[in-house]
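Quick notes on the structure that follows.
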Amino acid sequence: MVQTGRTDVPDISVEWYREITEVADSTPAPVQWFAVHFTEAAILLLGALFLFAAAPRLLRGRPWDRAVALVAPVTVVLAYACSEALKTVFDEARPCRGAATVVAGHCPPVGDWSFPSNHATIAGALAAATLLLSRRLGLIAAPLALLAALSRVFVGVHYPHDVAAGLILGALVTLAGTPLIARPVADLLARHTTHPDRLPATADQP
């Protein structure tokens, strides 16, 4: 184990981090530039995929469909809040603090803890939210979220276990929280619909 902050980092994660960042350091400058900017772009693309999946549900969906489309973004924010809370519990220092060079160019300041990855959490949550609304778009969002998470290791600012935990956290919060919160919202929408549909036990999938 390697001691960083108050949290022990698994040796296997440290080993993978070093191997990935060594590969990243040997790549051409355009590849490194792309990797640095890819995460933010991927998050935006995931947001766009979610909007494409949500729009028809909001415009033409039954009360349950509209409720899921309305509630899913709330659970994405909730997942992010959970990741922020966990950072204060584990206070794991960024791996780039002990690295000679990282593709990112700079390391986040002390106090901006590493576990779990916020970017990976948001990516996992958005992919799960999209999947709840559209299998087809969800199958595009899932690998995109994985690539967004891996890019954080590639540029040197997270350990592999940081991004894995973030993806799982984001997906779990959204998949569990959306149907739970959507139920009362769907009931409310149904009461304001002239011919409300009977609400299903779980979210519909196309």
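The values are calculated or read from the model by the stated rules, or taken from the named source; none is laboratory data. Note that this is a predicted model, so its numbers are computed, not measured. Heads up, the Cβs are rebuilt from the backbone with ideal geometry, glycines too, and the neighbour counts pull from every protein chain shown. Each accessible area value is taken on the protein alone, full model and side chains, heavy atoms only, with ligands, DNA and RNA left out. Shrake-Rupley method; radii C 1.70, N 1.55, O 1.52, S 1.80 Å.
Quick notes on this one:
- Residue check, Pro73 under 24 Å from Glu19 (Cα atoms) and either in contact (Cβ under 8 Å) with a residue 40 or more places away in the chain or open to solvent by 10 Å² or more (accessible area, probe 1.4 Å) (or both): no
- Considering Pro30, Pro10, the condition of being open to solvent by 10 Å² or more (accessible area, probe 1.4 Å), over 24 Å from Ala142 (Cβ atoms) and at pLDDT 90 or above is satisfied by Pro30 alone.
- Considering residues of the stretch 128-149 that are open to solvent by 10 Å² or more (accessible area, probe 1.4 Å) and in contact (Cβ under 8 Å) with a residue 60 or more places away in the chain only, the residue nearest to Asp8 (Cα to Cα): Leu147
- Residue among Gly105, Gly98 that is under 24 Å from Leu144 (Cα atoms), over 19 Å from the mean Cα position of the chain (by Cα) and at pLDDT below 95: Gly105
- Screening Ala120 with (1) modelled with pLDDT of 95 or more; (2) out of contact with any Asp or Glu (no Cβ under 9 Å at 6 or more places or on another chain) gives one miss only, at (2).
- The stretch 36-48: number of residues that are crowded, with 21+ Cβ neighbours inside 10 Å and farther than 17 Å from Val173 by Cβ: 2
- On the stretch given as the stretch 105-127, residues that are farther than 17 Å from Gly177 by Cβ, crowded, with 22+ Cβ neighbours inside 10 Å and either of a type in the set (Ser, Thr, Tyr) or touching a residue at least 60 places away in the same chain (Cβ under 8 Å) (or both) total 5.
- Residues that are within 16 Å of Phe50 (Cα to Cα) and at pLDDT below 95 do occur in the stretch 195-203, at least one of them.
- Checking each residue of the stretch 152-161 against the condition of being at pLDDT 95 or above and crowded, with 24+ Cβ neighbours inside 10 Å gives no match.
- Test result for Glu84, open to solvent by 60 Å² or more (accessible area, probe 1.4 Å) and of a type outside the set (A, V, I, L, M): yes
- Filter pass, Asp65 being more than 30 Å from Ala182 (Cα to Cα), of a type in the set (Asp, Glu) and either out of contact with any Leu (no Cβ under 6 Å at 6 or more places or on another chain) or in contact (Cβ under 8 Å) with a residue 60 or more places away in the chain (or both): no
- Failed item in (1) open to solvent by 90 Å² or more (accessible area, probe 1.4 Å); (2) modelled with pLDDT under 90, with Leu51 passing the rest: (2)
- When the test is whether a residue is without any contact (Cβ under 8 Å) to a residue 24 or more places away in the chain, of a type in the set (D, E, K, R), over 25 Å from Arg94 (Cβ atoms) and open to solvent by 30 Å² or more (accessible area, probe 1.4 Å), Arg60 passes it.
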